Each structure stands twice: as C-alpha cells, then as structure tokens.
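As structure tokens, the structure follows; a few thoughts come after it.
Read the figures in this text as sums done on the coordinates, not as results from a lab. Small disclaimer: the values here were computed from a predicted structure and weren't measured. Here the Cβ positions follow ideal geometry from the backbone for every residue, glycine too, while neighbour counts run over all protein chains shown.
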Amino acid sequence: MSQVNRLSGGQIDTGQTLQFKFDGKSFTGHTGDTLASALLANGVRLMGRSFKYHRPRGALTAGSEEPNALVELRSGARQEPNTRATTTELFDGLLANSQNKLGSLKFDLLSINDRFSNFLSAGFYYKTFMWPAAFWEKVYEPIIRNAAGLGSLSLQDDPDVYDKGFLHCDLLIIGAGPAGLAAALTAGRAGADVILADEDFRMGGRLNSETFALGDHSGADWADATVAELAALPNVRLMARTTVIGAFDHGIYGAVERVSDHLPTPEANKPRQILWRIYTKRTVLAAGAIERPIAFENNDRPGIMLGSALRTYANRFAVAADKRVAIFTNNDDGHRTAADLHARGVKIAAVVDVRPDAPRSTDYEVLHGEVVNTKGRLGLTFAEVRLGDGSTRTLECGALGMSGGWNPNVHMTCHQRGRPTWNNDIAAFVPGGELPPGMSVAGAANGDLSTAGALTGGVAATTAALKELGFKTKKHTLPQTEDAPVNLTPYWYVEGCKRAWLDQQNDVTVKDVQLSHQEGFRSVEHLKRYTTLGMATDQGKTSNMGGLAIMAELAGKTIPEVGTTIFRPPYTPTAIGVLAGRHTGQDFHPKRLTPSHKWATEQGAVFVEVGNWLRAQWFPRAGETTWRQSVDREVLATRKSVGVCDVTTLGKIDVQGADAAAFLNKVYCNGFAKLAVGKTRYGLMLREDGIAMDDGTAGRLAEDHFVVTTTTANALPVYRHMEFVRQCLFPDMDVQLISTTEAWAQYAVAGPNSRKLLEKIVDQDISNDAFPFMACMNTTVCGGLRARLFRISFSGELAYEIAVPTAYGDALMRKIIEAGAEFDVTPYGTEALGVMRIEKGHAAGNELNGTTTALNLGMGRMVSKAKDSIGSKLSEREGLNTADALAQVGIKPIDPNDPVPAGAHLMKADGPVDAAHDQGYATSACFSPNLGHAIAIGFLKDGANRMGEKMRLVSPLTGVDVNVEIVSAHFIDPEGERLRA
Amino acid sequence: MIIEHPLLGPRDSAEFTYMGDARLIDRPDASSETAARDFYEYGYLRENPAGWHDELWFHEAGDRSWLVVTRNTLTHEISKVEMARDVARSRGRSK
Amino acid sequence: MRYSGFKVIKEALTGHKGWKPAWRDPEPQAHYDIIIIGGGGHGLATAYYLAKEYKQKRIAVLEKGWIGGGNVGRNTTIIRSNYLLDGNEPFYEFSLKLWEGLEQDFNYNAMISQRGILNLIHSDAQRDAFVRRGNAMMLNGADAEMLTTEQIKKRYPFLNTEDARFPIKGGLAQHRGGTVRHDAVAWGYARGADSRGVDIIQNCEVTGFRIENGKCLGVETSRGFIGAGKVGCAVAGSSSRLMSKADMRLPMESHVLQAFVSEGLKPVLPGVITFGAGHFYCSQSDKGGLVFGGDLDGYNSYAQRGNLPVVEDVCEGGMAILPAIGRARLLRMWGGIMDMSMDGSPIIDRTHIDGLYFNGGWCYGGFKATPASGFCFAHLLAKDEPHPTATAYRFNRFEKGLMIDEKGMGNQPNLH
C-alpha cells in the first residue's frame, strides 16, 4: 500500500514518481514533495525522537521552523545530520535515517528517560552529579555526552565545494509570499535592481498553501504568473532556495543559496551551496509569520501539528496527515483549516475552540472547550476534550491541528539589537521602532495577517523605499482577495496541564517554566538558559512565545514586559562549509611563491610555510637521510666557499623624497640622517611603546632615496606603521613610500668566494675598495639588467644581497648557480640560514618577540638620545631598564653532546628549579656544524655581566636538564673580520 | 561595514586594517618636561566611548591611505570619513 | 537549601514543591560595607569569596540587568592555565585549582569538565614558543605535555593531517584544561553568595559615584543612592563607561568578540582544540553543540554583535583544521563586549580614589579567570593589598613599563 494519505491536486507532479528510503524502508513520492510530505503521504507520522526524553515525534510544521522531524540525510561523507524533513526536497534515491535513538525509531531504548522525566526536570543537573568530585568526567559526563547531541557527522571530509559571491542591488526583498511578490512587482516594474530571495524551492509563500483566490486566479496560479513576469524583467534576480541568514551593518545581508541540495549530488563543477553577501540600498522584509501551537497535556505526539501545516500538506502537497483530523484553536484560522480539509474529503473529528462564540459550521462539529490530553504511543489516536460545560469527550483522530495565532517573523528586524513591540490585536510581537537601517517590513511579518493586507503592505513599503532612492513607481491594481480580520482570544496553555510541550525538541514543558519561575529564574534570559527553552535547532520559532506568556502570567507581568530573548543570526542553521567557501585544504590561505620557486622545486627543495610564503627549507641531496645532514652540509659549504639563498620574501620598502632621511630618523631608533649615499645601515625599529618591532637594513641609493628591508613576517605591519608615521604624525614631510617586496627578487650570496662569484655576474667593480662592507648601489648584471647590490651579511661571512626585477629572479638564480659551479656554490634554505644567524648571534623572530627592548637585544646604546624617534620616550620607562633586565646571550652545553633546546629555561647552577628562580630562557637553538655541538641564544637576567657563568638549562616539558655555560652570542667570528674581508 | 573613502568612494571595511582612537595622531612633544607622562597617556589611556568615536583605519588592501572614520560604537553607523593626513595637518602636525 | 541527588529525587517524588528561589530578590539597603558593581561572573565570585573566605558582612552586588548577562553568559566556556609570563601563570593556575574544587565548594554543578585543551603547532617558531610556555607552566606547578603529530592523530583522527595548508607539527596539551557550563558559574556563585547574606540586586543600574574629598562614599543608582564603605567595579566591557563617571580614563578599549555554536551533534570532540595557523578554537558541549570562536572583529564596539567577515574567517579556520564539519550547521552567533587592555592582561587594583576599586581588562580570557579574579578582588577589597597571585595586575604598570604582554602585541588592544 503506497501513499495512503495522498489526496488529489496540489502543486506536486504526480507524473514524476520518486523512490526514497527512510530508515531502510522504501517509499515513493512525487516531484514537488518534501521528505515530510512524502512520508505523511505514505502514512508515516513518526519521524524522530526528542532530545531529552526521546519522545516519539512527527512533523510539527511544514517549514523551516520545524523542531521535530530532523533526519540524517544522505550517507557516507555527504551525511548531513539534523536535516529538516519539512524543507528537504524529495529527489529520486533520497536516503534518510532517523536520529537520536538507541535501537529503532519505534523502540528507542533511551525513551526510558521519559519514564524518569520527573527526575529530569529543568536544571536538575545543576543540583546533582557532584559527588564524588572525580565522577563527573569519569562517570556522569560520559553518560550524558553519549546521550546528548542529535544527528551524527560522518567524520569524513566534506566532498562538496561551496562558493561565495557578492551581489549588489537597490532593493532586497526577503520572502516571496504575497507581500514579497507584490513588492517585487512594484520595484521590478519601476526599474530598480531587485533581488527577491525565498528559502522555499517554490515561490509564493502561503499562497501555495491556501485555497482562496486572488482575482480570477488561485493563489498559487497568481504566484506562478507573478514569478513569470518577474523572471522576464532583466532588473530582477529571483533567488529561490535562498535563505537570507542575517542583517549585518550598512545594508549587507548574508544569504545562502542551496544550489544542489535538491539533487542526489551536485552537478559537475557546481557548488553545493553559495554564500552571497548582498549589498543593498533598501530592504523589504516580507518573511511572513509562523503559526504557534497551544500547550496541552501530551501535545507532542506524532500527528499533532500546526493547523497551517495541515493546510499546507493538504493544499500544496496533496497529503492528508491522517484520515481523521481534529482542530484545537483560539481563532478563526483553525476553522479555515477544518473547512479546507473537509473540502478535500478529510473527516473532521471536531473543531475545538476555546471561544464560546466560535463560528459554527454545517460541515463539521464545533466544540467549545479545550483539548486536555491525548493518547497514542507512536502517533495520535485519541484527543480528550473538556467541554465548556465541564463534561469531557474523546475524539478519535490521527492528526490534530493547533491554531494559537500567528507570530510575525520579526527575527531579521532584531539582528541589529532592535526589539520588537507588542501588538494586542493579534497578540503577538511585531517589528519595533529600531529596524536595521534601510529595512522596512511588509505583510504578515509586519503583523498584517490578511492576504490583501500583505499585497498592499508590500506595495506601500516598496513605494516608500524606492522613493527614497529616487525611483518613480507606477500604480498597479492589486487583485481582490481575502481580507479577513483576525478574531483571536489569546490562549497559551490549558489550565492545569504539566507535561504540555512548549519546546518540543528540547523537551521544555509548561511545568519547567513554572519551576524556573519558582526557583527565581524569571528574566527571559534566565528562563531560556535554565530550561533550554528556545535553544534547539529551531531557536524557539514555535516555542518561545508560549514560554514568555506563561512566565508573564506567573510573574504578574504583561508579555511585552517580560520581553523576548535576543534574535541572532543565522535565521536558520547554516552549513559551516558554505561560510568557509573555497578556503579549505590547500586553499585555506593563498600561497606566495618566490620567483625561483620553480628552480628550487627542480632541485628537490623541501619547502616550509613562512606566513603565506613557501620558502625552501633545505635542499636534500642523494644519500642524505636526515634533514640535519643536508643543513650541516649547506652551512659548511657556505662558510667554506659560497652559498646562495633566496631572500625575496624579506619586506622591501622604497622610501623617496627630500625628507627621506629625516623620516627614517623618526622610524628607526638609531640615526640615519648622516648615512652616506652608497651605504647601508642596520636599523632597529621600535614600536611607540619602546619595544622592538622589527629590524632590517636601509640602504641609501641617493640623497633622496632609501631602500628599507624588513623581516618576512613583518613586511606588512612595518609598512603600515611607516605609512602611519608619514600620514598621521609627519604629514608635511616630503617623503613617499611604496612596498616593493613583490617587485624585486633578492638573493643572499654568502661565503669567502661570494665576491669572486658575483664578479662574474655584476657589471661593476665590486672589489673590497670599490664596494666595501655595508656598501650599496644601483648597478647592472649580466651585461645590462638593472639590479641592486648590498654588501650586507646575515651569516657573518663575506656576503652580498643582490636584487633584480622579479621577472628575472629565476634567470638570476640559474645564472648564479652556473657562475658558481667552479666554487661549488651551494644553495641553502631557511634552516641553514637560521643556523648561520644563530652562530653569528643575530636576533630574528624568536628574539624580536614583541616583548624585548633594544636593551634586551644588546642594542641599548643604539637608541639615540640625540633625537626623538618612535618609541624612544617610552623605552626609557624604569621597568624596561632595571639592573637585571634580560640581555641576549649565547648558551653552550658543557657536555658537547647535550642539547640546548629553544624554549628551555635558565636556572642558577646551584639554585632551585622553579618559576620563582627563573633566570631566562633560550630563544633559538641549532646544531652548529662549525663548532660541532648544539648552541643557543637566549635571554638572561643581567646577561651581559654573566659571561662564563655555569647554569642549568631545563625543559621539564621535553625532559631536558643540562649544564650550560653563558657565552657571547657571537659564536663565530666575534670580531667580524670575515664580513669585511 | 562600508567605509566611504574620500577618494575612492564606498569600500568594504574588510579591505581595511583598524588601529583605533584617532587621538594617536596627537603624538606628544618629546622635548616637553612632562613628556614621560604625556607619552604614557598617549600610548595607553583611551576614552573608549560608547557612542561616536573618531578612529584610524588603514586602507591596506586599497590605496594605503590612513583614514579618520567617525563611527558610532553602539550602532556602527559611520557619519564622517576624512583623510588622516588632512586631519593631522588640521591639528597642527607638519614635519 | 543544599542541592544533592537525594534532594532531586525527593522533590521529584513530591511534585517539586520544595524548590526555593536560587537567590533572593532583596530591596537595596541604604548602606553596605562593600558594594560590587556588576553581577557577572567576576562580580558574583567576588561577593561570594568576600563573604565566604574573607568573612565580610553587608555586601551587595548591583546589576543593571539580570545576573550572568554579560560575558559569563556568552563565552566559549574554556578553562585553562596555559600562560607564559610570571605575572599571569600563577594567577591562572590558582584559578584552575579553584575551578577544580568549585562545585563542591559552592554546591552547584557547573559541569566543570577537564577534558583537556590542545594548542596545535604549525611552525618551528611556534614550537619554540610553546616549549617555553609549557616549561613556564610546569615550573609554576601546572601541567603541560608536548604531543607529537602521531599522538594528536590518534586522539583526534578527523583533524586535517593530510591536506593541510599549514600542517600540524605537534601540540601543547594541558589535560587539566577543559570547559565549564558557563551560566551555571554565575548562578552557582550567586546562590552561594546569597546564602551567605549577600544582597544581589538586579535591575539596578549604577549611574554615578558619590565622591567627596577624594573618597568614594557610595553609588547613585536607578534605584536611588546607596552608600558604601568600599565600592568594587567588575563590569568588563562596560568598564570605560562606568569609570568615566569617576572621571577616569582606562588603559583599555571595548571590542566585540563573536562566538558560535553549531546544532547538536553526537560526540566528536573530546576536548578543546585551538588552531595555531589561523584563529579558531572549538570544543563540544555536553548538549552536543560545537562551540567555537576566533578573532575579534577588530574595531571598538559596544554593540554585542559582529559582522560577516569574521564569521567567514572563523569558519575558514574551522574547515582548515576540521574538514568534517562542513556539513554541520552553525546554529547561532553572538557577540560580547571585551574589555581589551593595553597589554592583554587584567587589572585588579585600587584606583586613585579612596574606597574605589577596579577589576577589569580581561580581554577575552575573563571566563577562565572567574574564580581567581573573584578571590583576588575579594582579597584586595578585604585587606587593601593585592593577593599574592595578582600582584602584577596594577594600573601603574603601563607608566612604569611593567607590561604583561603574553602575545607581544604592545599597546594595540585589538591584537591581544
């Protein structure tokens, strides 16, 4: 027997039959169905289990506000937990499984919790599980954790891709129901750039679910015709399957388009979803309203749903939730449901209306009274009614529609901390005064609950918004349609009920709210947090109002006095994948490659991430089995003959102008005014707080032209800082800055034979006399290619850095290797670079760690007292100049076989080893192939005066405790003779 | 957020790097007798208002201008955007 | 009323009639010995320890809204003591020790769960820094362990160890770190303080201080003047606003930090993970939601909400390290106002005004500090001298050059 509850008509294509499986059982449905409608058509009401008590649950709604009918959709790496069956478009081959159960959905072993519900009342866990103390992590929590959660992740990498994009428009219309469609027609015809977004796969909103006409058309036909007209307008972008998730600052909206979720798998080269950032000048929110349930005893059985959902299933999806349906209502809307279902041949058991003056019907029985309880373990079978005269009746029914009134969808109006206001006529919150700038609200979202009101509201809001933008709108006639007033008697819960559900997913009942009040958790935020009301995946869309109303009654306040919790984005839960977009895996961050990257790859280089750069770390050669072998070889070869290293990643900043020297005098703590043209100087840059920011060199290529280098890591911050100093502090200095990091490829050529090598490439005389230590010049190489040459050294050897325009970097590297063949030139990577700079005692990132001063770095005397430079004043503070201030030292093991690891702490040789006696720490360490043992540099209290002291270097974390000697950080060539050779 | 760049028109705030209080333009005179105290206050104390705030934004992924943006810290509304260089000059800074 | 499993059972069997309000709702008295401004975690903890440990009487906590409504109710619930610097580590270790006995101490199950925290390492320089930090922790008596990539893979098999742009090169673990049910901390302290006679007065906004001859005599509030012998301010992101009423400028800025929670999922993450090559941290709550966060939005804000670029940035970080969460859904995002100090470390100190004390500048590390912050502030208020673990948290450290800058970012609050 298939589709036993399928009716005729509706907006489904019965010509297209689709196969699907739920919990392993095969069913059929049709194109246009949701998973929930197809299951109901097949007589399946039980779709899930609740969070806490594991109560059997079916669909409560027919929309994205669904708390109950959550499934694990798809399988394998595409398994998607907590997916609402009510919004999942049916496709052929769809697989879904119920979740949050132990055993089968029908016999969930964890439903034992329901038997003990009295012990599991709101907040019970705050009061127990405290003894013995160690049992929380070991016993209680594992049990709770294993029971908690809803669906499961596959734990496999998401195989789909997600895109992101930007859209710009004059008017964003959120929601394509009657108000949104009327708004779009108005704006589209006026020529404005319009985006109309709707979360549903079929535009029309409630028009698809109702039976009344718009003019000569049915609601759904009018929606179809309107959508067709809009689709023909080039200035209108229709975005179905697109949920606007949040209203952010300055008219920026986030929206998620579900491009492929209605397909078994995304089509080739298509993303699963797209995150759109919509930049709009004005917004009309036409997000409709959500019907609210009524709380009564056992109102959570499968088959009990919102009255409007019954209508949607019947009218749109051609599904009767059951053959016998009862209605419980406090307003006329419930009667509409009964009339629609009756017209489609569904038996109405009765309409139970809390109002004594409820409208009568000749088609079905209308009872004045309340539903006080229900029966049916896995689905509704009976509803007990207490009549106005005190007598009771039992209604046999498999579905029951609850109609408690409608809540305008104010969610998005509150994303910028606006608060909704109360409207007594419809007993609901409506958008308040402080909307996000540029937003107006129309239709049911604004509290206009009739179709006619939605149409006129949509037109009016759009006309006003477009007028502000200078568009002229044309008057157009709206179709005649339903314009019924709201006849409603506020009614939230049945007197005396206890286990009457408010939040069906989190199992929050009326008595939990009562207990919350009793225990003093009376603020709306306390109520939410103590009971978890509204914290489930539906964020309380159907449950919060009932809780507020009950709290208001208990506290003797009005509902608006109690207020709402804060509405937060996203409007509906949003895949984390789409918020990340393409930035996954290797594409998490862009890769910056130097011009000689290809060459290095050819050499078999091992690369390392340095910020976004990839740098060659070392160049393994045949026979080398450990990285140390490669690095030691590179270091020794460089110090013996010549090595070459790609230093393109260093930041380079061109500084030009008449005041260039004066400017550098401000940004460096040491003096630059008197630097001769053709000379380079080491510069230490301080932050204004007197802490070292970065170091580098500045070469003076002309009277008004310097080239500044920065460390790789600080290229951007230093440039930003220099621009700040230039634009904000010294705006009239004649100086211009440009970052040229990407413009020049730069190579360090180091070692005793470096000059001989470069003499073969550089077109000018670079003898020691012509081009001494710290010289710099514009020159040419290879017979005319412009280049810059600096005689600077990080390794401590005779060394140069040579730069050519980026496009020639690869060629220059190959040329250097070719020219250096006779000297056995050795390419070296960042590891060897690091070893040589530690051997030489140069500070780098580990030493310039944002807390060290010039004094700490042994450069205290560099801070010029003769001038005011950035950081000079605050560097004078007493705390930065204590007698025992940290000073950079060298650390060498007494036993040459011992390690001296970075991050280890220095302790007095004979003192206690604890934090109170900490003397300093090693910052950078390496094995020195030249010395034949490990070395480190580090910071030691009063270090400059402790040379030769024997100390302990301890790293309890890595099990190191060795005896060391404090030495000069200049392990190699302390007099600097090699540099000047 | 969208920042109306005085030269470039509306730009997304994601293109900018934020530094904070525009009083950082008012760097004290290092030769003053109260320089130590002045620099401490300049470097460390902030009005931090709940409301309108003049603040420095750097158009890092753009034209590399420093801007002074007047923005409300309660609502994020922006009422004014100026070139920081112009502001600095108007506050008497030169060389 | 003492809470216990026995009590829960008894009440369940007798219709839950016996539960009393967790705290009273008293009218403010004309004068208190000590007034704490701010009914957040720190303020309530201060009142609790003042009453319990320092035997002070006549204490009130004034809260402008509902207690626990600030950062204690909107954080990512992480506790840890993995700090580097001398000024910090003993304090945070003291705090962690207080967490470890807290539930029994205040008779409230705050679900303190020491399932561990793991800081992932992605570069050699980061490893060096983490070795130094781990050693500093151990030298201060805290626990720390360096894990290899293989050990990490075993514990967290779904971390991206195959195709990572910034490969995992190890991690610094603190097994005693973990998470706490954040709201319960505020409620537990409130209940404990209330039961010791502290008046917790909600919906009472302080509008000014009454200061005469350099002495603070009490506070003006939305419910009238309330006199006090001493006034302690613990209002986190609202610090600058409040202290401006005493004509003070503070070394801090207020910034928005967003936080995020996913839909409930069956257990995936046993402990807390932090990604070291982007800004992302994540744990899984006992309800199953992935609770995660990242960077500040970066601009001064009191709006308690942020913007999309940081949302995207955080989710990118998440996908970079946990590529399996792509199909999990973000349920809710929110923002808190962080009292970002100039060196990233807090202040617990007297002000220059007699009788006026200040606690703030917690940046986004305030939650884990709650017990020690309360304890040390109570110590200061009761004894007029700093608690031994909080001697460095002075106002004058900036003028003296004694900053406690864990991240080395200097006087740029949004980078801490």
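In degrees from 0 to 90, rounded to the nearest 10, what is the angle of the helix A:715-724 Cα long axis to the longest principal axis of chain A? Tilt of helix A:715-724: around 90 degrees. Under the classification rounded if a/c is under 1.5, otherwise prolate if a/b is larger than b/c and oblate if not, where does region A:738-829 fall, given a ≥ b ≥ c as square roots of the Cα gyration tensor eigenvalues? Because its axes are fairly even, with a/c under 1.5, region A:738-829 counts as rounded. With θ taken as phi - 60° and the Karplus curve 6.51 cos²θ - 1.76 cosθ + 1.60 applied, the whole-hertz 3J(HN,Hα) list for region A:735-740 is 8, 10, 10, 8, 7, 10 Hz, x standing for glycine and proline. Relative to the longest principal axis of the Cα atoms of chain B, the long axis of helix B:35-44 lies at roughly 30 degrees.
Relative to its Kirkwood radius, the Cα radius of gyration of region A:882-980 gives an Rg/Rh of 0.98.
Measuring between their Cα centroids, region A:479-493 and region C:115-134 lie 62 Å from each other. Farthest towards the positive end of the charge dipole of the protein assembly as shown, among the residues A:Asn670, C:Met146, A:Tyr682, is the Cα of C:Met146, using unit charges on the Cβ of Lys, Arg, Asp and Glu.
Under the rule a/c < 1.5 gives rounded, and otherwise a/b versus b/c splits prolate from oblate, where does region A:293-404 land using the Cα gyration tensor? Oblate, since a/c reaches 1.5 and b/c is not below a/b. Once backbone amide H atoms are built at 1.01 Å from N, A:Glu365 has A:Val351 as its partners under 5 Å, excluding neighbours fewer than 5 places away on the same chain. Look at the stretch A:949-961: the mean tally of other chain Cβ atoms within 10 Å of its residues' Cβ atoms is 3. Across region A:491-555, the mean sequence separation of Cα contacts (distance under 8 Å, 6 or more residues apart), normalised by length, yields a relative contact order of 36 percent.
Would you mind checking A:Lys127/C:Lys230; A:Lys127/C:Lys383; A:Lys528/C:Lys20; C:Lys17/C:Lys55; C:Lys20/C:Lys230 for any pair whose Cα atoms are more than 28 angstrom apart?
Details: A:Lys127/C:Lys230 34 Å; A:Lys127/C:Lys383 33 Å; A:Lys528/C:Lys20 19 Å; C:Lys17/C:Lys55 33 Å; C:Lys20/C:Lys230 31 Å.
Flagged as over cut-off: A:Lys127/C:Lys230; A:Lys127/C:Lys383; C:Lys17/C:Lys55; C:Lys20/C:Lys230.
Scoring B:81-91, C:90-100, A:864-874 by mean Cβ neighbours within 10 Å over their residues and listing the highest first yields C:90-100, A:864-874, B:81-91.
Rounded to whole numbers, the Karplus 3J(HN,Hα) couplings from phi for region A:236-252 are 10, 10, 8, 10, 6, 6, 10, 9, 7, 9, x, 9, 9, 5, 6, x, 9 Hz, using 6.51 cos²θ - 1.76 cosθ + 1.60 with θ = phi - 60°, and x at Gly and Pro.
For a protection proxy built on the mean count of beta-carbon atoms within 10 angstrom, sort C:138-144, A:224-230, A:694-700, C:338-344 highest first, please.
Working: C:138-144: 20.9, A:224-230: 17.4, A:694-700: 22.9, C:338-344: 27.0.
Going from most to least packed, we get C:338-344, A:694-700, C:138-144, A:224-230.
Restricting things to alpha carbons, find the Rg to Rh ratio for region A:451-521 using the Kirkwood radius for Rh. Write out the running numbers ahead of the final one.
Details: Rg = 22.4 Å, Rh = 16.9 Å.
That ratio is 1.32, to two decimals.
For chain A, the longest principal axis of the alpha carbon atoms and the long axis of helix A:627-640 meet at an angle near 30°.
If every alpha-carbon in chain C counts as one equal scatterer, what log10 I(q)/I(0) does Debye give at q = 0.06, 0.08, 0.11 1/Å? Debye intensities relative to I(0), on a log10 scale: -0.24, -0.43, -0.81.
Peptide A:160-167 has a mean of 1 when you count, residue by residue, the C-beta atoms of other protein chains within 10 Å of its C-beta. Only lysines eight or more places from A:Lys941 in sequence, or on another chain, were considered; those with a Cα closer than 22 Å are A:Lys840, A:Lys892, A:Lys908, A:Lys950, C:Lys400, C:Lys407. Annotation note: chymotrypsin sites (Phe, Trp or Tyr not before Pro) in region C:100-201 located in DSSP loop regions with a Cβ neighbour count of at most 11 within 10 Å are absent.
Below 8 Å, C-alpha to C-alpha, sequence gap of six or more: please give me the relative contact order for chain A in percent. Walk me through the intermediate numbers first.
Values: 2376 pairs, mean separation 83.9, N = 981.
Relative contact order for chain A comes out at 9 percent.
In plain terms, the bigger the Kirkwood radius, the slower the diffusion; for region A:491-555, with that radius from Cα pairs, at 4 °C and 1.567 mPa s, Stokes-Einstein puts D at 115 µm²/s. About the centre of its Cα atoms, the protein assembly as shown shows a dipole size close to 1900 debye [charges on the beta carbon of Lys, Arg (+1) and Asp, Glu (-1) only; nearest 20 debye].
Averaging 1/r over each pair of different alpha-carbon atoms in region A:191-276 and inverting the result gives 14.6 Å, the Kirkwood hydrodynamic radius. A straight line joining the Cα centroids of region A:680-727 and region A:373-427 runs 68 Å.
The trypsin sites (Lys or Arg not before Pro) of region C:242-319 that DSSP puts in a loop, and whose beta carbon has at most 14 other beta carbons within 10 Å, are C:Arg249.
For the protein assembly as shown, the Kirkwood hydrodynamic radius comes to 34.8 Å, computed from all pairs of different C-alpha atoms.
In summary, the aspartates and glutamates within cross-link reach of C:Lys368, defined as a Cα separation below 12 angstrom excluding same-chain residues under 8 places away, comprise C:Glu93, C:Glu100. Along chain A, the exposed loop sites are chymotrypsin sites (Phe, Trp or Tyr not before Pro) outside DSSP states H, G, I, E and B with at most 13 other Cβ atoms within 10 Å, and the longest stretch free of them is A:117-981.
Given that compact globular proteins tend to follow 2.2 N^0.38 Å, what is the ratio of the alpha-carbon Rg of region C:1-88 to that value? Can you show the working numbers first?
Details: Rg = 17.4 Å, N = 88, 2.2 N^0.38 = 12.1 Å.
For region C:1-88, the normalised Cα radius of gyration is 1.44.
Taking a ≥ b ≥ c as the square roots of the Cα gyration tensor eigenvalues, region C:171-252 comes out oblate, since a/c reaches at least 1.5 and a/b does not exceed b/c.
Under 18 Å of direct C-alpha separation, and excluding same-chain neighbours fewer than eight residues apart, A:Lys865 reaches these lysines: A:Lys666, A:Lys674, A:Lys873.
How big, in percent, is the set of alpha carbon pairs in region B:2-90 lying more than 17 Å apart?
Numbers: 2015 of 3916 pairs.
Beyond 17 Å sits 51 percent of the P(r) for region B:2-90.
Database remark: amide H of B:Trp52 closer than 5 angstrom to the amide H of B:Thr73 (H placed geometrically; neighbours at sequence offset of 5 or more, or on other chains; Pro and chain starts carry no H). Put the Cα centre of region A:283-330 next to the Cα centre of region A:854-895 and the gap is 74 Å. In order along region C:105-119, the Karplus-derived 3J(HN,Hα) couplings, from 6.51 cos²θ - 1.76 cosθ + 1.60 at θ = phi - 60°, round to 5, 9, 6, 8, 7, 8, 6, 5, 10, 8, 8, x, 10, 10, 9 Hz, and Gly and Pro are given as x. Expressed as a rounded percentage, what relative contact order does region C:262-416 have, with Cα pairs under 8 Å and six or more residues apart? Relative contact order comes out at 19 percent.
How well do other chains shield peptide A:608-621, expressed as the mean number of their Cβ atoms within 10 Å of each residue Cβ? Walk me through the numbers before you get to the answer.
On the way: counts 3, 8, 2, 3, 2, 0, 0, 0, 0, 1, 0, 0, 0, 0.
For peptide A:608-621, the averaged partner shielding equals 1.
P(r) tail for region A:1-155, what percent of Cα pairs lie past 25 Å?
Details: 4503 of 11935 pairs.
So the pairs more than 25 Å apart make up 38 percent of the total in region A:1-155.
With 19 Å as the limit, write out which pairs from A:Lys101/A:Lys138; A:Lys21/A:Lys106; C:Lys215/C:Lys245; A:Lys598/A:Lys815 have Cα-Cα distances beyond it, or answer none. The answer is A:Lys101/A:Lys138. Within region A:347-433, none of the GluC sites (Glu not before Pro) combine a DSSP coil assignment with at most 12 other C-beta atoms in a 10 angstrom radius.
Residues whose amide H lies under 5 Å from that of A:Gly683, counting only those 5 or more places away or on a different chain, are A:Gly696, A:Thr697, A:Ala698; hydrogens are built 1.01 Å from N in the peptide plane. When each of the peptides C:8-17, A:754-763, C:161-170, C:68-77 is scored by how many other beta carbons lie within 10 Å of its residues on average, the order from highest to lowest is C:68-77, A:754-763, C:161-170, C:8-17.
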